[in-house]
Amino acid sequence: MSAHILLVSDNTDIAAELGTVIRFLGYQLTTLEGTRALFQAPDDLEVDMVILNIDSSRDMREAIGHFESDNKRPPLFALHPEGADNPVTLAPGLDGTLQYPLSYRNLLGTIRDQLSREDTPVRPDGVSRQLIGVSEAIQQVLALSRQVAKTDCNVLLLGESGTGKEVVARTIHAQSLRAEAPFVAVNCGAIPADLLESELFGHEKGAFTGAVSSRRGRFELASGGTLFLDEIGDMPMEMQVKLLRVLQENAFERVGGNKSITHNARVIAATHQDLERKVEDGSFRLDLYYRLNVFPIELAPLRERREDIPYLIREFVLRLELEKRLPVEIEPEAIEVISRQALPGNVRELQNLIERLAILHPDGRVGVAQLPNHFRIGTEDTPGAAALQVVEQPRETSADPRLVLHDEPEALPDAGLNLKEHLAAIERDLVMAALDNNGWVVAKAAKQLGLQRTTLVEKMRKLGITKSA
């Protein structure tokens, strides 16, 4: 069992950030909102370390006293904002302080010093791999993963490239009764068709030119554990027939052999393709599809769960610092700009971006100005963007009265309407009104609309709203 850390915090934003890091390092975490929740916590709550983020000196003393009565008092640390002369963190009874904003390396070192336990499941590099995010989409994937992990049924992971299908497969394996057995991954699209059979089932000596010795295949290597078949949609039809037989009979023969070998591998397949469409066009077997699609899990693209991007960025920053000694800090404004991008490569593209920024700006801060040019289009850091020196396009008027703003909505016309165009027209009118009201000072207009300045600039670009010189 992993070490258990308790976080008592008056600040939900700080608690969320610190909680993400602690879970990412592989520790269990319980978060309580303030001292009132602490005093109402169950008496049998056993923790190995406590982090206190409490503003009031009195509340801090009471929280420390709450643990002093425990015969097995855990180490107590206070979170201390950088540059703040906060007497709360100097309260007697504390074992130390943690600086905020967080230094991941110092945080990890402090935790390890306090938790010198052999059963703490932190990897040698100090980083665990897990799904990161707070969106409803990712929480649903986590819930489904926990549910199916208790069984041995086949799982089919669906989603665009780079959405983290292998991470989900490893999560299912780690939560299953097979966790101590091997996890073996095969990319069916990266192996030539004439070698895939040998790769999956192995071969006997002399089975083909170059087979100088017998070799076990991935099914044998994964026996008792999990076999992850990535990009299953790229598997040739001939191999689909053979794979179907193995899934039906739990047995196979090596290439060049005639001895039947049984296996006990749980199969998780993944693809970015539409298998139902491939079944319709005859490039994927219907019976294999049904055999694999026992428990489907679909992963949403990153553009549909943008609220997860800041948490993913924190994960990648931490990973780079711990694994590759590439410390970098991404400023909040830059995170906001990144979060608005399409990111067609999804999580993989985001990870590559953060690593590239860390290499280009070692030991430094990355702001909007340091982002790639195509990320900064429409921001104040783009050359010439501050003045928006472009000829204003005339506002389009429509003879259709349905596209005119009214204080009270009209009844839906019998002929219907184009909702997308209708809403776009309303949005454009409101943006233009805010700009006119504020003398085309974008920052003031954004404040009136309850938007970030950069968000309004992006909307202006999409709506074709420009200002004449």
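In this structure, the residue pairs whose Cα-Cα separation is over 28 Å, taken from LYS165/LYS242; LYS165/LYS420; LYS324/LYS459, are LYS165/LYS420; LYS324/LYS459.
Would you kindly give the portion of the calculated P(r) for segment 296-361 that falls above 20 Å, as a percent of all Cα pairs? Distances greater than 20 Å cover 25 percent of the Cα pairs.
Computed extension gain for ASP281 through ASP113, at 0.36 nm per residue and net of the alpha carbon distance, reaches 54.5 nm. In sequence order, segment 439-449 has phi-based couplings of x, 6, 8, 4, 4, 5, 5, 4, 5, 5, 8 Hz under the Karplus curve 6.51 cos²θ - 1.76 cosθ + 1.60, θ = phi - 60°, and Gly or Pro positions carry x. When each of the peptides 309-315, 346-352, 30-36 is scored by the mean number of other C-beta atoms lying within 10 Å of its residues, the order from highest to lowest reads 309-315, 346-352, 30-36. Per residue, what accessible area does segment 1-58 have, given a 1.4 Å probe and all protein chains present, in Å²? With all protein chains present, segment 1-58 gives 47 Å² per residue.
Shown here are the Rg and Dmax of the Cα trace of segment 168-269, at 13.4, 42 Å.
The values are calculated or read from the model by the stated rules, or taken from the named source; none is laboratory data. Because the structure is predicted, anything quoted here is derived from the model rather than measured. Cβ atoms come from the backbone with ideal geometry, glycine included; neighbour counts cover every protein chain shown. For the accessible areas, the whole protein counts, side chains as well, though only heavy atoms, and no ligand, DNA or RNA atoms are used. Shrake-Rupley method; radii C 1.70, N 1.55, O 1.52, S 1.80 Å.
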